Amino acid sequence: MPPDVDIITGVDRSPSSQLTQRPTELERAASISSKTPSIPNQHTRPISTYSRHSSSTGSRTTDRNHVDDDSLEDNSGVPKLSLWRLFWFFLTEFGIHAWGGSVGQIALMKEKLVVQDQWVSLQRFQRVFAVYQILPGPEAAEMCMFFGCLSAGRWGGAVAGMGFILPGFLLMLTASVLYVTVDVQNVYIQASFKALRAVVAAMIFRATHSLADHVLTYPKTGKPNPYLIASAIFTVINSALHINIFISLFLYGIIYTLITRRWYFPAILIFILQYVVFGLYVHFKSFPSEVSLALGIAPEPTIPSLLALGLVAGSLSFGGAYTAFPFVQAEAVLLGKWIPLSTFIEGIAIGQILPAPLVIFVTFVGFQGGYYGGNLEEASKGGGEGNIGMGFAGSAVMTVGMFLPCFLFTIMGHTVLEKLVRNKFLAAFFEGLCGAVIGVIAITAFSILKQAVGEPPSKDPDGHSVVFQGPATVIFGMALAAAYRFDHKYTSLLIVICGAVAGQFLFVDKV
């Protein structure tokens, strides 16, 4: 059997084949787009000013969407815009309308740039999206940068990306300032936040399942991939043993690469050696602490540390924001202890209601770190004394760090990226790494669930430990059911709003 044929199903698993088989997320986005009315273009000029070919030209429409090799390189439909017009176009068309997470954002881009303005063919759009699904970073931002590069070169990619990101950044920055200036310990605010922690836990569990469906299966058949499932499970076990997250990611990337080449003996050897080394470490030193999960790049929220944390999270955000949560949590909450877990979760909840990529939550984390300067006691209170200037600086550098990798990946050249992901070894390594990432996200989901629906252990009259809050558990269950039941671009927003309102009825006399 040829080396690029799947070792289980016999399906072609070459990287080039994956690029055309993988975009299930795009198909889901397309179905949402077809069910959702397009957003009126109130803030831009007529479509004809941004497209060289009017959609009324029937022959041109047929050519633009014809599936052939030429359509993958055809840039004739891409208008050449000035940097300012390009920035304004992406800000008003996508930046202020970036609701519904990556699915809603990609659906909006497909509707505008493929169906209406016909910048590129649908086949090319799918091919490009498949590349950015493999690479780290928010796919919607990377797609904006790609189209900006087509229109006005590398600077065009930069300004298109900034136009898409800027509204969400400014809104999250405003929310961060309000968070430290308004009395967040107010009984009503705390009631809503307590409910939102359960909502966030539910949404992360749903996202984990959705990502697992995409990552842990064979693209062609949709059948479970036992090797990638095993990498996720053993990453969970490693996290429970407090083995550093990045060690697990690297090892399972290597192991899966070896398995796809049918080098089973070295793969098994590496798998066994990781636990032999762990046993020796425990024997000669001690059982690793929880902080061993982190790299140790941000023990305190200094400006260089926040920038480094943003860069690491941005470089490892395969599949979007949900894969960035564990890395930021490990550094800021577990190791550095400069932001409480409850505040971290509340920042994620705020990000869910903004028109922005969810990775914008790092703006909130950076602001908290800069504002309080690592003073956990003040950060736990909310409000209090802090340095507003350092808060702005922290939010800015961490946001830059988060988005810089995807800017560099995209602007360095899509052709180069496509060649890289077609490399058989690199593609297999990424698949193994992504399988392990699912395990990391699962651990984070359970950690946030514990914070959301648990209370500090106390003793009831019979001496039993009481750990679960009934109302929070109910909110978690209902939010999880809604996330599974409804597949709409505004589902996340509506769940968050309903959760905040429910908190007023359930927790006002319990805060």
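Values in this text are rule-based calculations from the coordinates and carry no lab data. These numbers were taken from a predicted model, which means no experiment stands behind them. Cβ: placed from backbone, ideal geometry, glycine included. Neighbour counts: every protein chain shown.
From the square roots a ≥ b ≥ c of the eigenvalues of the alpha-carbon gyration tensor of the stretch 207-349, which class results: rounded (a/c under 1.5), prolate (a/b over b/c), or oblate?
On the way: a/c = 2.23, a/b = 1.29, b/c = 1.72.
Oblate shape, in that a/c is at least 1.5 and b/c is the bigger or equal ratio.
Would you please give the FRET efficiency between I388 and K220, computed as 1/(1 + (r/R0)^6) with r the Cβ-Cβ distance and R0 = 56 Å, to the nearest 0.05?
Working: r = 54 Å, r/R0 = 0.96.
Calculated transfer efficiency: 0.55.
Can you compute 3J(HN,Hα) from phi for each residue in the stretch 428-444, using the Karplus curve 6.51 cos²θ - 1.76 cosθ + 1.60 with θ = phi - 60°, rounded to whole Hz and x for Gly and Pro?
After applying 6.51 cos²θ - 1.76 cosθ + 1.60, I find 5, 4, 4, 5, x, 4, 5, x, 5, 4, 4, x, 5, 5, 4, 4, 4 Hz.
Place the peptides 437-445, 154-162 in order of packing, highest mean first, counting for every residue the other Cβ atoms within 10 Å and averaging per peptide. Don't jump to the answer; show the numbers that get you there.
On the way: 437-445: 24.6, 154-162: 22.2.
Ranked from most to least packed, the peptides come out as 437-445, 154-162.
For a footprinting-style exposure proxy, rank R85, R262 by other Cβ within 10 Å, fewest first. Don't skip to the end; give the middle numbers.
On the way: R85 18, R262 11.
Listed from fewest to most nearby Cβ atoms, that is R262, R85.
For the pairs K194/K489; K112/K220; K112/K223; K220/K450; K220/K419, flag any whose C-alpha to C-alpha distance is greater than 26 Å.
Numbers: K194/K489 24 Å; K112/K220 29 Å; K112/K223 33 Å; K220/K450 37 Å; K220/K419 21 Å.
Violating the 26 Å Cα-Cα cut-off are K112/K220; K112/K223; K220/K450.
If you rank V359, V508 by fewest surrounding Cβ atoms within 10 Å, what's the result?
Values: V359 29, V508 14.
Sorted ascending by nearby Cβ count, the order is V508, V359.
Return the long-range amide H neighbours of G454 (sequence gap of 5 or more, or a different chain), with a cut-off of under 5 Å between placed amide H atoms.
Q469
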